[in-house]
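Beneath this line is the structure, given in structure tokens, with notes to follow.
The values are calculated or read from the model by the stated rules, or taken from the named source; none is laboratory data. Values in this document were obtained by computation on a predicted structure and should not be read as measured data. Counting neighbours? That spans all protein chains shown, and the Cβs are built from the backbone with ideal geometry, glycine included.
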Amino acid sequence: RGGTRPSKPHDMAHWRARFHPRRGFSAQSNIRKVILLILLFLSGFHEPSRALDYAGALSDGYDGVDGLDGANRIAVSPDGKHVYTAAFRDHAVGLFARDVSTGGLTFIRAVKDGEGGANELAGGYGIAVSPDGKHVYYAGYSDDALSIFARNASTGDLTFVDAVKNGEPGAEKLNGAIWPEVSADGKNVYLTSEDDNALTVFSRDPSTGELSFMQVFEDGVEGVDGLGSAVQVSVSPDGSNVYVAGWGDAAISTFGRNTESGLLTYLGAVENEEPDVDGLNGVHSVTLSPDGKHMYAVTYLEHAVSLFSRDGSSGALTYIETLHHGENGACLQGAYSVVVGHDGQYVYVPAYGSGALNVFSRDALSGSLSVAQVFVDGSNGADSLAGARFGVLSPDGTNLYVTAHTDNAISVFGDDAALPPQAPLNLQILPP
């Protein structure tokens, strides 16, 4: 899981509105962007009132920034003061201080594999901060491990605590460890392992951050289905269900969750091959709306975002509709992840292949999406979106941060109130 998707189903610079020539910018990529802009025009897309503005970017190797080579998942601390990234090629955690007034980021340092006692960080992919802000969990895809860090709430710095490694008792299914998700109550960590087609459940010690094995689910074992090449885990807002995107199975698995213990019960899976289901081929990310009524699933291979309704009692999902790449101006080539706004008004989808961030307005009743904005790398006032992968909102909802796996960068977006006054928004497409 490096620069391309498998073919199978610290003195350091404060970010500012500085826009640099990007390494490796080619005539071919420039042509691709022009084509995307033409498609937007031909589709009749007209931008409504703005939901976001582009503010700037931090890139690996510029102004001392490090730890973003192969940037993957990104997380913000609950207090909104720090941002953390997992980097696949740097084998590192990137640490950034966040200005809670402007949303601007200042690079602190990178915690790299084998440095300062930290280990098992090879192939950084997933990262999560516990709800109490005390710990950070990092999935080392290439090391088949989940690393635990203690977090200093004042400085944001991390101290390596321990790592759960594949093959240890209760951790026999961590090959390709990829996505750690901490439950909102802080009791559990749920970890998917892509290569083992598995979901492992851990209980979490809130004092130390240490994890204890509870159970594991494996695709094809004891009736469990839909975990083939398992990637993202999503816990429902009420904590009663857990959902897993299995891109290899083109499916979403549903689990019932005991809110006291965190133990799971497999309930079934929604699969693309079902007659009344569409848009799950290569499903890579699933996220629920804040009210728990709708689920959004994005598919890397089908270049789409699909909508499901959710039964609050049973947790069952019912397919509604799919929005594909090119429809209504959506740039969803290689759609990679999905974020729903805290108030449920907007949905954000970074698209790896398009090098784009899609902003959709959301109908609260039906869950349906309408294209509100599209930011394409090198256009629309945006840069450093090549290979856009993951996004995260600040706790106050004023900023969205997006990682770019190809540009090795974090792009910063904000609403008008969040932007620093000096930030220009008049970028043009850069020459080859």
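Per-residue answers, yes or no, for (1) charged (D, E, K, R); (2) within 25 Å of Ala163 (Cβ to Cβ); (3) out of contact with any strand residue (DSSP E or B) (no Cβ under 6 Å at 6 or more places or on another chain):
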position	(1), (2), (3)
Val201	no, yes, no
Ala230	no, yes, no
Ser236	no, no, no
Val286	no, no, no
Asp291	yes, no, yes
Leu301	no, no, yes
Phe308	no, no, no
Within the stretch 170-221, considering residues that are within 21 Å of the chain's Cα centre (by Cα) and among the polar types (S, T, N, Q), the one farthest from Ser147 (Cα to Cα)
Asn197
Selected residue (criterion: nearest to Ala304 (Cα to Cα)) from residues of the stretch 224-274 that are among the aromatic types (Phe, Trp, Tyr) and within 22 Å of the chain's Cα centre (by Cα):
Trp247
Please state which of the following conditions Tyr300 fails to meet, knowing it meets all the rest: (1) farther than 19 Å from Gly248 by Cα; (2) of a type outside the set (D, E, K, R); (3) surrounded by 21 or more Cβ atoms within 10 Å (Cβ to Cβ).
(1)
So which of Gly133, Gly117, Gly124 is crowded, with 23+ Cβ neighbours inside 10 Å and more than 19 Å from Gly167 (Cβ to Cβ)?
Gly124
For the stretch 51-60, which residues satisfy the criterion of being farther than 15 Å from Phe88 by Cα and either assigned to a strand (DSSP E or B) or modelled with pLDDT of 95 or more (or both)?
Asp53, Tyr54, Ala55, Gly56, Ala57, Leu58
When (1) within 17 Å of the chain's Cα centre (by Cα); (2) part of a strand (DSSP E or B) are applied to Leu68, the one that fails is (2)
Taking the stretch 313-339 on its own, how many of its residues are modelled with pLDDT of 95 or more, of a type outside the set (A, V, I, L, M), over 15 Å from Val298 (Cα atoms) and surrounded by 15 or more Cβ atoms within 10 Å (Cβ to Cβ)?
1
I need the strands (runs of 3 or more DSSP E) fully contained in the stretch 228-344, keeping only those with at least 1 residues that are closer than 20 Å to Val359 by Cβ and among the aromatic types (Phe, Trp, Tyr).
294-299
Does Ile252 satisfy the condition of being touching a Leu at 6+ places or on another chain (Cβ under 7 Å) and aliphatic (A, V, I, L, M)?
yes
